[in-house]
Amino acid sequence: MNNQIIKSESINHKRWRKFKSLKRGYYSFILITTLYILSLFLPLFINSKALVVQYEGEYYFPAFSEVIPWVSTYYDGELFGQDIPGAANFRLLQKSWEDSDNWLIMPLYPYNPFEDITNNENRMYEPPSSTHWLGTDNTGRDVLARMCYAFNISISFAFILTILNYIIGISIGGAMGYFGGKFDLFFQRLIEVWSSLPLLFVVIIISSIIKPSFTLLIFIYTMVNWIFLTYYMRAEFYREKSKDYVSAAISMGQSHTKIIFKHILPNSLIPVITYFPFSIVGGILVLVSLDFLGFGLAPPTPSWGQILYVGLSNITKWWMVFSPIMAQFFTLLCIVFIGEGLREAFDPKIYSRLR
Amino acid sequence: MFNYVIRRLLLMIPTFLGATLLVFIILQMAPGGPLEKTIQQIQMGSSQGGGEGGATSNGSSGAGTLLPKRALKELERFYGFDKPIWQRYLIWLGVWKREIKHRNLAFKIGDIEVKKNMGKRRYAYVRKNGAKLEVYDKEGNISKLWTARFDMDISDEEITNFDELKNNGELSDISKLEATIYETEYSGVLTGNLGKSYTYQQPVIEVMKPRFKVSILLGLSGWLIAYLVCIPLGIKKALSHGSTFDLISSAVVFMAYSIPGWAFGGVLLVLFGGGSFWDVFPLGGLHSPQEIWVNLSFFEKVLDQLHHVILPIIAWTIGSFATLTVLMKNSLLDNLSQDYIRTAFAKGLSEKRVIWVHAVRNSVIPIASGIGYIIATIIAGSYFIEMIFNINGFGKMGFQAILDRDYPITMGFLVIAVIIRLIANLLSDLALAAVDPRIRFK
């Protein structure tokens with residue numbers, strides 16, 4: 001006897017299949033995810049520290065120390081017999097060891113985003129060349145290295161920001177729509193106040209007072225930004241609550257928690273999910289804008305906005321304008337493609353045309 | 001409808017108060033405000049002057065400042081920091097008495113009444129009554145114009161018994177009782193007084209007026225061009241959905257969405273501003289330098305201005321290009337698949353008539369509701385573009401005010417921005433009701 005139950009394909013599986021079939025969005029998704037995961041290990045690819053050093057029979061792995069949080073990242077020059085004060089300069093070591101038994105392997109691109117003219121052979125405003133692929137900035141820092149690290153920071157920033165906004169927005173908005181009453185009224189007033197404020201202006205005021213760190217900036221921006229999703233979720237919960245299946249659940253004696261999390265929430269999430277990539281786009285844009293104005297992450301954090309600012313204040317240094325704009329452009333374009341695919345998969349619209 | 005508008009207008013009041021109060025508190029509680037900045041500047045000045053000023057100012061208020069107490073008090077009064085924060089907000093609003101035209105006077109030992117010249121041959125007679133001061137005019141009536149109070153850090157009891165205490169040899173570090181006499185008036189936002197800018201030394205309204213005009217000019221032309229381009233483009237895209245034209249223009253739309261208008265402005269500036277590439281357009285400003293500008297004929301002035309605003313307006317338009325086009329396209333597509341279109345076709349109407357009279361008219365509805373949003377972005381959107389193209393507009397002024405800690409301008413900017421947003425929200429709801437007969441407000 002054949003006991004196998006033929007399970008119908010789940011809705012999420014269908015959506016995933018649909019998403020995969022939309023090549024533009026799917027490949028963008030793969031590209032961005034891969035790049036982001038790789039960017040978590042950036043110190044292994046773009047770094048002024050060597051990957052492997054073999055010095056007088058001993059092996060060292062300086063670059064790996066930056067990926068593993070609890071290991072000291074400092075390698076003294078004397079450790080490798082280098083006659084300079086302070087930290088070792090591996091690029092110079094590599095040159096001086098050409099004829100000896102000692103050897104080292106540098107990362108693919110041997111510059112890090114923080115070394116400036118005070119360090120060594122770096123110069124200010126070098127145009128793109130074979131050594132500095134995208135030139136150097138106003139303090140002699142390598143633009144390509146900074147751009148890559150900024151990619152990681154931008155995406156992380158936008159991602160964490162969006163998640164926080166979602167958690168707060170969904171819970172408060174859901175509660176507003178579900179419970180209504182005074183709670184709803186209070187937050188409605190609050191939302192009204194918030195939406196009448198020029199929020200970027202407020203963020204700039206706050207960050208002009210406290211020079212924000214990464215976490216603090218996320219916190220500040222969440223404080224001003226969570227409200228919009230709230231309004232949306234409120235409407236969604238309000239609508240769902242009046243539907244029959246919720247009345248049925250209530251009459252069966254289900255608890256509020258169960259009704260909210262098991263019944264209403266899954267039904268009201270679709271628009272929010274499809275909005276996710278666009279929210280990330282918004283987060284990245286905000287960080288670039290704030291950094292451009294000088295009210296974003298504290299220097300010397302690598303950031304696209306800061307490079308753009310330097311470039312636009314020295315209009316002849318075109319590489320510092322084009323590189324961050326192009327990087328931002330391609331990142332955002334990919335995310336917009338993902339968003340488009342996601343929207344197609346979750347919320348398909350079929351347009352019929354009569355002729 | 002009328003009732004609805006009235007109710008919305010009334011609801012704006014608490015919203016306005018809430019929004020301004022929030023920012024007011026943030027600004028006033030913030031460390032490093034204008035007061036501290038000024039003190040710092042004075043200190044820098046005195047330390048550069050050989051430190052002599054610091055040594056002579058005895059009685060400085062131990063908090064690391066070299067300023068004499070009296071000067072510090074006057075500075076505090078100038079910036080309004082001598083009052084508790086709720087009073088400052090009410091004064092700023094104009095529902096609490098604002099003190100103006102301060103003058104100092106002093107009570108020496110044994111003084112009961114002091115005659116103070118208030119200018120224009122007017123005299124005030126200030127009489128000490130316990131720890132309070134009463135002001136009389138020439139005729140001996142209590143003055144309605146002036147108020148006075150002591151400006152001392154000692155207790156009321158000590159002020160009352162100042163003469164005795166002094167005779168007993170106490171309070172040796174105080175030689176006289178210092179007091180302030182001032183006029184009061186109700187003047188604040190509600191009376192149209194936004195204060196005086198610290199940096200420009202001008203009333204805030206005067207500072208804002210010319211800059212606001214610039215931003216409006218830029219915003220309106222950008223907005224107009226965006227609508228003129230995006231609506232026809234959106235219609236064309238919807239009608240040829242899936243064609244090559246649609247695909248290519250979609251690519252352009254996606255690109256425009258992925259680059260903010262101001263960043264695109266930066267690219268334009270590098271390419272055409274005469275840096276390393278072509279020198280076609282000026283680097284910034286609204287017109288040529290003044291010495292050239294005044295000698296131009298009217299026609300040349302128009303050309304010169306156009307030459308300067310082309311790049312900013314392109315950048316401005318790009319900002320709303322993608323959203324508007326997609327909105328128009330999707331809205332029309334939505335409408336084209338509706339039943340009433342089928343009916344119209346079935347009736348035998350021509351395709352042209354169905355599309356232009358039936359479908360397009362209904363598709364403009366969501367665009368109409370965007371009017372408020374667009375008005376709001378005239379302020380916010382101009383922000384970065386004015387920075388990049390170095391245009392002295394409203395947004396740049398607000399941003400500069402934050403940097404300079406120019407609180408009157410910051411708050412003035414905020415007031416205008418909030419009011420515009422509130423009105424814009426109402427306008428978009430009304431616009432929606434105007435184009436969509438199904439929407440009725442009660």
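The values are calculated or read from the model by the stated rules, or taken from the named source; none is laboratory data. As the structure is a computational prediction, the values presented were derived from the model and not from experiment. Neighbour counts are summed over all protein chains in view; Cβ atoms, including those assigned to glycine, are modelled from backbone coordinates with ideal geometry. Surface accessibility is based on the protein's heavy atoms, side chains included, excluding ligands, DNA and RNA. Shrake-Rupley method; radii C 1.70, N 1.55, O 1.52, S 1.80 Å.
A few remarks follow.
- Options A:Phe329, A:Phe276, A:Phe292, A:Phe322; residue that is under 22 Å from A:Ser39 (Cβ atoms), more than 10 Å from chain B (Cβ to nearest Cβ) and in a helix (DSSP H, G or I): A:Phe276
- Hits in segment A:174-212 (condition: in contact (Cβ under 8 Å) with a residue 24 or more places away in the chain and acidic (Asp, Glu)): A:Asp184
- Residue match in segment A:334-343 (condition: outside any helix (DSSP H, G or I) and either within 9 Å of another protein chain (Cβ to nearest Cβ) or modelled with pLDDT of 85 or more (or both)): no
- Within segment A:1-30, the set of residues being touching a residue at least 24 places away in the same chain (Cβ under 8 Å) and either closer than 27 Å to A:Arg141 by Cβ or of a type in the set (S, T, N, Q) (or both) comprises just one member, A:Ser28.
- For segment A:146-167, the candidate set comprises residues that are of a type in the set (A, V, I, L, M) and within 17 Å of A:Thr331 (Cβ to Cβ); within that set, the residue that is farthest from the chain's Cα centre (by Cα) is A:Met147.
- Residue list for segment B:374-399, filter: more than 11 Å from chain A (Cβ to nearest Cβ) and either at pLDDT below 85 or at positive phi (or both): B:Ile374, B:Ile375, B:Ile378, B:Ser382
- From the list B:Ser297, B:Ser276, B:Ser320, the one residue that fits, being over 30 Å from A:Ile284 (Cα atoms), among the small types (Gly, Ala, Ser) and assigned by TED's automatic domain parsing to the domain that holds B:Leu233, is B:Ser297.
- All positions within segment B:384-401 that are more than 20 Å from B:Glu206 (Cβ to Cβ) and touching a Ser or Thr at 6+ places or on another chain (Cβ under 7 Å): B:Phe384
- Set A:Asp137, A:Asp142: member being under 24 Å from the mean Cα position of the chain (by Cα), within 30 Å of B:Gly395 (Cα to Cα) and open to solvent by less than 10 Å² (accessible area, probe 1.4 Å): A:Asp137
- Residue selected from segment B:275-295 under the condition outside any loop (DSSP other than H, G, I, E, B) and open to solvent by 70 Å² or more (accessible area, probe 1.4 Å), by the criterion nearest to the other protein chains (Cβ to nearest Cβ): B:Asp279
- Selection within segment A:247-264 - under 13 Å from A:Gly174 (Cβ atoms) and more than 33 Å from the chain's Cα centre (by Cα): A:His256, A:Ile259
- From the list B:Asp429, B:Asp334, B:Asp404, the one residue that fits, being over 30 Å from B:Leu17 (Cβ atoms) and of a type in the set (Asp, Glu), is B:Asp334.
- So A:Ser130, is it closer than 30 Å to A:Ile315 by Cβ and either in the same structural domain as A:Asn314 (by TED's automatic domain parsing) or loosely packed, with under 14 Cβ neighbours inside 10 Å (or both): yes
- Taking the listed residues B:Asp406, B:Asp429, the one that is closer than 25 Å to A:Ile206 by Cα and of a type outside the set (A, V, I, L, M, F, W, C) is B:Asp406, with no other qualifying.
- Checked against the criterion of being part of a helix (DSSP H, G or I), closer than 30 Å to B:Ile235 by Cα and touching a helix residue (DSSP H, G or I) at 6+ places or on another chain (Cβ under 6 Å), the candidates B:Leu414, B:Leu427 yield just one match: B:Leu427.
- Counted residues, segment B:400-419 - those being surrounded by fewer than 20 Cβ atoms within 10 Å (Cβ to Cβ) and facing another protein chain (nearest Cβ under 9 Å): 2
- Residues being within 11 Å of another protein chain (Cβ to nearest Cβ), open to solvent by less than 40 Å² (accessible area, probe 1.4 Å), assigned to a helix (DSSP H, G or I) and in contact with a helix residue (DSSP H, G or I) (Cβ under 6 Å, 6 or more places away or on another chain) - total across segment B:234-260: 5
Each row is one residue, and each column tells you yes or no for (1) assigned by TED's automatic domain parsing to the domain that holds B:Asp173; (2) without any contact (Cβ under 8 Å) to a residue 24 or more places away in the chain.
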site: B:Arg88; (1), (2): no, no
site: B:Asn117; (1), (2): yes, yes
site: B:Arg122; (1), (2): yes, yes
site: B:Val135; (1), (2): yes, no
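- All of A:Ile204, A:Ile227, A:Ile264, A:Ile259 fail the test of being in contact with a Phe, Trp or Tyr (Cβ under 9 Å, 6 or more places away or on another chain), more than 30 Å from A:Arg15 (Cα to Cα) and open to solvent by less than 10 Å² (accessible area, probe 1.4 Å), apart from A:Ile204.
- Within segment B:296-377, helices (runs of 4 or more DSSP H) holding 3 or more residues that are more than 22 Å from B:Arg421 (Cα to Cα) and open to solvent by 70 Å² or more (accessible area, probe 1.4 Å): B:298-336, B:339-346
- All strands (runs of 3 or more DSSP E) inside segment B:107-202 with 3 or more residues being open to solvent by less than 60 Å² (accessible area, probe 1.4 Å): B:123-129, B:132-136, B:146-150, B:177-185
- Residue match in segment A:209-217 (condition: closer than 30 Å to A:Pro300 by Cβ, surrounded by fewer than 16 Cβ atoms within 10 Å (Cβ to Cβ) and at the interface with chain B (Cβ under 9 Å from one of its Cβ atoms)): yes
- When A:Pro198 is tested against (1) within 14 Å of chain B (Cβ to nearest Cβ); (2) within 19 Å of A:Leu108 (Cβ to Cβ), just one condition goes unmet, and that condition is (2).
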